[in-house]
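The values are calculated or read from the model by the stated rules, or taken from the named source; none is laboratory data. What you see is a predicted model; the values in this text were computed from it and never measured. Virtual Cβ from ideal backbone geometry, glycine too; neighbours counted across all protein chains shown. Accessible surface is based on the protein model in full, side chains and every heavy atom, while ligands, DNA and RNA are left aside. Shrake-Rupley method; radii C 1.70, N 1.55, O 1.52, S 1.80 Å.
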Amino acid sequence: MNCLCLEGNIPRLMIYSHLLILAEPDSSTKKSSKGSLDRDVALAHLETEKKNSYIKAWEESEKSKVNNKAEKKLSSVGTWENTKKANIEAKLKKLEEQLEQKKAEYAEKIKNRVAAVHMEAEEKRAMVEARRGEELLKAEEMAAKYRATGQAPKKIGCLGC
């Protein structure tokens, strides 16, 4: 125990580790006729201060325990929150990947439909061109026949319309 005593006309100050005890000056420094009565009062006061010091130390210890417990629980809540967030974000990422896959599949289907429409249009164009060629050939053949026979066609399309 470390003890610091200050004497003189002021009360003696004694510090034991973490306890601060204030005592009245010794009877040798204070001239009193009461003697033992002053000493009993001083000892009672000293005992009260000692109890108050112990109570204060106990209170600080309890507060420290409560704070430590609360910090531990707050830490576990933070860990729980981070875990839940990570799980939710993983599910979100998986869902986004699934949506991207479906989007790609749908885009592929649309591209295939567009390609099929284009191919069908090309086939129809080819048929129209083939028909045109056949009808032009037929018209040329008929014109050659009319020239060979010297007859004029009975129907003429709208020439002056």
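Quick one: what pairs do we get from the range 71-83, first residue free of Cβ contacts under 8 Å to residues at least 40 places away in the same chain, second open to solvent by less than 70 Å² (accessible area, probe 1.4 Å) and among the aromatic types (Phe, Trp, Tyr), C-beta under 7 Å, 6+ apart or different chains?
none
Residue under question is GLY78, and the condition is that it be of a type outside the set (D, E, K, R), at pLDDT 95 or above and open to solvent by less than 80 Å² (accessible area, probe 1.4 Å); does it hold? Walk me through it before giving the result.
On the way: of a type outside the set (D, E, K, R): yes; at pLDDT 95 or above: yes; open to solvent by less than 80 Å² (accessible area, probe 1.4 Å): yes.
Yes; evaluated as a whole, the condition is true for this residue.
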